[in-house]
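Reading through the structure tokens given below for one structure.
A short reminder: the numbers here are calculations on the coordinates, not readings from a lab. Keep in mind the model is a prediction, meaning the values are calculated, not measured. All Cβ positions, glycine included, derive from the backbone under ideal geometry; neighbour counts span all protein chains shown.
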Amino acid sequence: MPTEKKIEIKVDEPEKGMRKVVFQEQKFLFLEQKIGQPEKLILLPNFEKKLASTELFKDNNCRFLINGGFYDQQDQPLGWFFTQRSLFKKEIKSALLNGFFFQDKQGKIIIDDVGPQGPVVWGLQTGPLLIFQNQPVRFRLARDEQARRMVAALNQKDELIFLVITDSDSLAIGPSLTDLPAVVKKIGEELKEEFKTSVNLDGGTASAFINQAKKIKEYTWIGSFFCLPND
């Protein structure tokens, strides 16, 4: 997303700690993080402080971190954003941001094409939806580009799995957005997972994925982030 604040990062070896997947003769790298305790997952804003992901990871005692959704030129969430009992932004009408990713009060993680009908713990609007009702979603874009991608997905057991997907030669780029649904489906097959729903999160330069195996840091600040705290 547009910003003036830049974050210096150290270039990592792309293949270190990552898996490979081939789609239409293109080789991509990916890394997954299954959330075994989704009730402990938290969504936090970073719109004002604009801290680096490594600082956020440390300050919030995370064992896993991934960025959230998109933000606009005013450094505000692009679409509905609710967390910490506060509504940061209302839902917007958008053909691209057609996904809603949230946790209800019963602790269930939901990815849907409509917003929640009841109280939630946290949630955001993002998109596009990549897999819906077990099928890859097809869409057209006036402009598309290859960029690093971050994805949230639910399998048939409603287990939450986050993905980072990059090019085989560079962590800075990855699949095109229109190819992403098929790439995610292919990754599911590689993991022996059948994704029933998945949605695109913010990617490109404003994306970060940090776990015990890998640190993939942003080039410009992330607007929000999911953190799975240490026990």
Translational diffusion coefficient (Stokes-Einstein; Kirkwood radius from C-alpha pairs) of the chain at 20 °C, 1.002 mPa s, in µm²/s: 123 µm²/s
Positive-end residue, the chain charge dipole about Cα centroid, Cβ charges, pick of Ala52, Gly68, Gly123: Gly123
Likely footprinting exposure, Thr220, Thr166, fewest C-beta neighbours within 10 Å first: Thr220, Thr166
Fully extended contour minus Cα-Cα distance, from Leu96 to Ala213, at 0.36 nm per residue: 39.0 nm
Sequence of Phe64, Phe101 once ranked by neighbouring C-beta atoms within 10 Å, starting from the fewest: Phe64, Phe101
Binned Cα-Cα distances of segment 16-135, short to long, each 10 Å bin given as a whole percent: 11, 36, 38, 15, 1
Charge dipole (debye, nearest 20) of segment 123-231; +1 at Cβ of Lys and Arg, -1 at Cβ of Asp and Glu: 140 debye
Long-range lysine pairs (8 or more apart or interchain), segment 41-186, Cα under 26 Å: 18
